[in-house]
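Just so it is clear, none of the values below were taken in a lab; they were calculated from the coordinates. Predicted model only: the values in this text are computed from it and were never measured. In this analysis, Cβ positions are derived from the backbone assuming ideal geometry, glycine residues included, and neighbour counts consider all displayed protein chains.
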Amino acid sequence: MMFSRHPWTLVFMVIAIGSTFGLANRPPGSAQAAFSIIGTFPDVPFSHTNYDAVEYLVNKGIVSGYHDGTFKPEHAINRAEFTKIVIGVLFTPLDIEGCLATIPTSRMYTRTLIFSDVARHQWFAKYVCQAKVGGMIGGYPDGTFRPGIDINFTEAAKILAHGFSPSAIAPSDSSAWYEPFVLFLELRRAIPPSIKSFDQILTRGEMAEMAYRLHADIRHLHSPAYDKLTSNKSPLPPEGGEG
């Protein structure tokens with residue numbers, strides 16, 4: 001097929017392609033600069049709800065996906081993985097790499113520093129170290145962090161609130177321990193529409209969406225209100241044992 005070399009021909013082609021794939025309707029602040037119909041990952045195409053969020057984190061060098069080239073946005077994310085992403089958004093590589101070096105081995109595995117189930121050699125140790133030293137995580141009453149446990153929405157809300165707003169208020173005696181953290185996310189419009197309950201297990205796509213909205217200060221997208229979320233009859237234990 002032959003195309004005219006007239007410059008207006010190219011302009012009309014771009015407009016037509018953009019209209020076909022919904023570019024004209026993409027919200028301001030989206031990851032259009034790195035536009036790809038397929039995207040970085042085959043399972044997060046341009047039409048995916050979390051496309052902008054995932055592409056933003058990729059461009060920042062914070063996420064890289066799995067060895068098979070996928071991102072698996074619908075898969076649950078555990079506490080270690082979530083902490084890695086949040087710390088990667090908030091701190092420089094130098095800060096992260098240097099955290100463990102500041103803690104003597106003899107004092108590392110204590111409740112006031114790191115956790116009994118986080119060994120220095122594990123891939124997530126440096127991220128957990130930075131999060132603990134920075135006051136973003138507290139762990140469980142038994143002194144563990146439980147890195148392999150899937151994280152729920154309220155646990156994630158607490159970590160994000162402490163990370164992006166260190167002065168976040170503490171819960172009152174009459175409120176749920178997670179209320180101020182979820183209200184912070186509501187104020188920042190950082191709750192993904194797919195979140196329906198406080199104790200909902202978080203997916204990788206939802207994690208990306210929350211981190212993206214907070215870090216890029218995206219406030220024009222839909223975000224559920226606190227009073228629209230529900231709890232089941234046996235909510236998961238609160239992160240850090242608060243409540």
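Below are the figures for this structure:
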| item | result |
| --- | --- |
| Among the listed pairs LYS84/LYS196; LYS72/LYS158; LYS72/LYS132; LYS132/LYS158, those beyond 22 Å (Cα-Cα) | LYS84/LYS196; LYS72/LYS158; LYS72/LYS132 |
| Relative exposure of THR83, THR49, THR230, THR40, judged by other C-beta atoms within 10 Å (fewest first) | THR230, THR49, THR40, THR83 |
| For ASN78, distant residues with modelled amide H under 5 Å away | ILE151 |
| Contour minus Cα-Cα distance for HIS121 and ASP227 (0.36 nm per residue) | 33.9 nm |
| Residue exposure sequence - MET207, MET136, MET108 - by fewest surrounding Cβ within 10 Å | MET108, MET136, MET207 |
| Neighbour-count ranking [beta-carbon atoms within 10 angstrom, fewest first] of ASP95, ASP52 | ASP95, ASP52 |
| Cβ-derived FRET efficiency at R0 41 Å, ILE38 paired with ASP142, nearest 0.05 | 0.35 |
